[in-house]
Ligand code: NAD
C-alpha cells in the first residue's frame, strides 16, 4: 500500500504519526510549511504538491476543513490519480460532495469512500478513532490494514455519502448536548448542587452522554478547553445539519433553537476557540 495523506493538521497529522509508528510509509502534503516540516520530522515523506502525492500513492486519505476544499483538492489532483487508487475522505464533508466524487471515480477508474471520524486529535494520534464509512465495500477492504491502525471501530453505514450524513447527525447531537449539559449544570448550581456532583449523578443515570462523560471532565470542569476541535469547525457542522435537513425536507424544530445559539448568539466566542467554550455562553448570567 502506497499511502498518502492530504491535509496534515490536528487530525491528518495524528493519523500520519500513528501510521508511521506502526510501520507504514506515509507521504504527506499540507500547504502550511511548518506542518509539512513537522511531518518530515515524524518520518513521513513530504510531497511538493497534492498532485505529486497522487502520482505516488494508491491509497489517499483526505483530512481537510470542509467540502469546498475537498472539491478543490480533488479537481487539482484529478489528472494525477492513478487507476485503481482508493481515496478516503476523513474530513467532515457533505454527502453530495462524496456522491459527486464517487461518480467521478467511476468515470476515471478510482474509488472514493467517505469516512469521517470521531475522537479528536488525541484519538487520531492513538489510533482509537471511530470512522463512519460510506461507499464501496471492496474499496473499504483494500484499505483495511490502514483502517485497523487508525481506528478502534469502523461502522459501514451505507453507500457513498452515508458516512457524512451519519457524522453530521452525530455532531448535531454533540452540539446539542454541549448546550444542554451546560444548562443542566447551571440549573444544578442554582439549586446548590456542585457541577462535579451533578455530573457524577447524571453519568450514573439516563441523562448521560459522550459530552457529560468525556467533554465535561476532560475539557470543561478543569478549565482546559484544549480538545483540538475548534468553534469554527463545530459551527460548520451545525450548519451542515441545517442544510442536510433543508435539502431532505426534514423539520428539526428542536435543534434549530440550539443551532441559533451556535451560529448567531455566541458571537463573543471566536471561531479559533475550543468548541467546548459554547458552555460559557450565558448572556443573561443566570
Ligand atoms: P485543521 O485545520 O487542524 O487541519 C486541516 C488541514 O488541512 C490544515 O493543516 C490545512 O493546512 C490543510 N489544508 C487546507 N487547505 C488545503 C488544501 N487546499 N490542500 C491541502 N491541505 C489543505 O483541522 P482538523 O481539526 O485536523 O480537522 C480536519 C477535518 O476533520 C475537518 O473536516 C474537521 O471537521 C474534521 N474533524 C476534526 C476533529 C477534531 O477534533 N479536530 C474531529 C473529527 C473530525
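Values quoted throughout were computed directly from the atomic coordinates according to the rules given, and no laboratory measurement underlies them. As the structure is a computational prediction, the values presented were derived from the model and not from experiment. Counting neighbours? That spans all protein chains shown, and the Cβs are built from the backbone with ideal geometry, glycine included.
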Relative contact order for region 165-280, counting Cα pairs under 8 Å that sit 6 or more residues apart, in percent | 37
What relative contact order, as a whole-number percentage, does the chain give when Cα pairs under 8 Å and 6 or more residues apart are counted?
-> 14
Once both axes come from the Cα atoms, what is the angle between helix 95-108 and the longest principal axis of the chain, in degrees from 0 to 90, rounded to 10?
-> 10
What's the angle, to the nearest 10 degrees (0 to 90), between helix 10-21's Cα axis and the longest principal axis of the chain?
-> 60
Using every Cα-Cα pair within the chain, state what percent have a distance larger than 36 Å.
-> 19
Please tell me the relative contact order of region 3-159 in percent, rounded to the nearest whole number, where contacts are Cα pairs under 8 Å and at least six residues apart.
-> 21
Okay, which of region 102-125 sit inside 17 Å, backbone N to the point 7 Å along the Cα-Cβ direction of residue 75?
-> 102-105
Give the Cα extents of region 3-159 along the principal axes, in whole Å, largest first.
-> 37, 32, 25
Given the peptides 119-131, 255-267, 98-110, arrange them by the average over their residues of other C-beta atoms within 10 Å, most packed first.
-> 119-131, 98-110, 255-267
Which length gain, in nm to one decimal place, applies between residue 264 and residue 186 when the Cα-Cα distance is subtracted from 0.36 nm times their residue separation?
-> 25.9 nm
Which number comes out as Rg/Rh for region 139-286 once both Rg and the Kirkwood Rh are worked out on C-alpha atoms?
-> 1.01
If one builds a Gaussian network model of the chain from Cα atoms under 10 Å apart, the most fluctuating residue listed among 241, 196, 47 is 196
